[in-house]
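Contents: one structure, followed by commentary.
The values are calculated or read from the model by the stated rules, or taken from the named source; none is laboratory data. Keep in mind the model is a prediction, meaning the values are calculated, not measured. Counting neighbours? That spans all protein chains shown, and the Cβs are built from the backbone with ideal geometry, glycine included. Remember, those area values only see protein heavy atoms, side chains included, never the ligands or the DNA or RNA. Shrake-Rupley method; radii C 1.70, N 1.55, O 1.52, S 1.80 Å.
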Amino acid sequence: MSDDRETDTASESSYQLSRHKKSPSSLTNLSSSSGMTSLSSVSGSVMSVYSGDFGNLEVKGSIQFAVDYVDSLKELHIFVAQCKDLAAADGKKQRSDPYVKTYLLPDKGKMGKKKTLVVKKTLNPVYNEILRYKIEKEILKTQKLNLSVWHRDTFKRNSFLGEVELDLETWDLDNKQNKQLKWYPLKRKTAPVALEAENRGEMKLALQYVPEPVPGKKLPTTGEVHIWVKECLDLPLLRGSNLNSFVKCTILPDTSRKSRQKTRAVGKTNNPVFNHTMVYDGFRPEDLTEACVELTVWDHYKLTNQFLGGLRIGFGTGKSYGTEVDWMDSTAEEVALWEKMVKSPNTWIEATLPLRMLLIAKISK
């Protein structure tokens, strides 16, 4: 967490991508009214790498596993035996490199994910591995166990091959029949996390595009996008009322750490007021059609950050600088806000938008 810069009022970064043939010639060091601005110049990787590729392969086949709670160790043991008849990520050679991943939901950040080894070049992998979670039995009964099967791709995103979800509240952990190995049909992903279908709350924000930050200069200058994160409303309560939320911002396609800014964390409320302004410079008019503002809301708890919901504000064209990208997926409301901002320069455009599930781009070094 040490490399995250944080101010209470305003922060600033430059939007500058190595893919641009004409990258901005200089970085403008603005000052905010509070004098608490941090400037960070942005350059580097353009392609955003996602944690998973959902929906590109048909889901088929089944998985064999067993679930056991070991009282003496206070551990949940998941014995992952094998899969059969999986979808082929490599269509030509009719094979995949599958592995199995498990989560306890809804608090997947706290317990962490467990994974088997990858078995290469097969649609019928055998694992015979035990994945363990140290957890009290009473807490376990409030959880769902999610097992998902993935194809491991060294060069591209891993591909989702199917999942099984067990509701441990209704699962009899003492029944010996339930401790036996069983086959379960793999299902399509209904939700990346359990909160998908539920209300994730809203964000009240305002955007402004400033084409000429320094008026009267003869040399052409690049513009700025100002993002004013005002507050969030009705955030989902994952840990009772102990929410400690903050907002992170990245201007895609730049996923480098330097492009990322965040608000301070606001504790003990699910209606946090941030009033934090972020400034990104280096925007040419043509960049506005290619870039996307990704705002994500997180709950900080101990050493983990749990994703609560997010927005992607852009034109939602599915493409950026000629490349098809998953993250250019703005909803109609998000697109409407971006369009108004572009059409009304030097004017704050305000909106209250519903937060949604996002597949988050990994931060590149």
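Kindly flag which residue pairs out of Lys101/Lys189; Lys92/Lys121; Lys115/Lys302 have an alpha-carbon separation exceeding 19 Å in this structure. Violating the 19 Å limit, Cα to Cα: Lys115/Lys302. Highest mean packing first, where packing is the average number of other Cβ atoms within 10 Å per residue, the peptides 222-233, 325-336 line up as 222-233, 325-336. Overall form of the stretch 279-365: prolate. Here a/c, set by the Cα gyration tensor axes a ≥ b ≥ c, is 1.5 or more, and a/b is the larger of a/b and b/c.
As a fraction of the 1.4 Å probe accessible area of the stretch 89-151, surface on carbon and sulfur atoms comes out at 49 percent. Take each peptide in 89-96, 158-165, 201-208, count the other Cβ atoms within 10 Å of every residue, and average; sorted highest first, the result is 158-165, 201-208, 89-96.
I'd like to check one number: the per residue accessible area of the stretch 84-181, probe 1.4 Å, reported in Å² as a whole number. Spell out each step's value before the answer.
Details: 5430 Å² over 98 residues.
Accessible area per residue, the stretch 84-181: 55 Å².
Using only side-chain charges placed at the Cβ, +1 for Lys and Arg and -1 for Asp and Glu, the dipole size of the stretch 281-365 relative to its Cα centre rounds to 240 debye.
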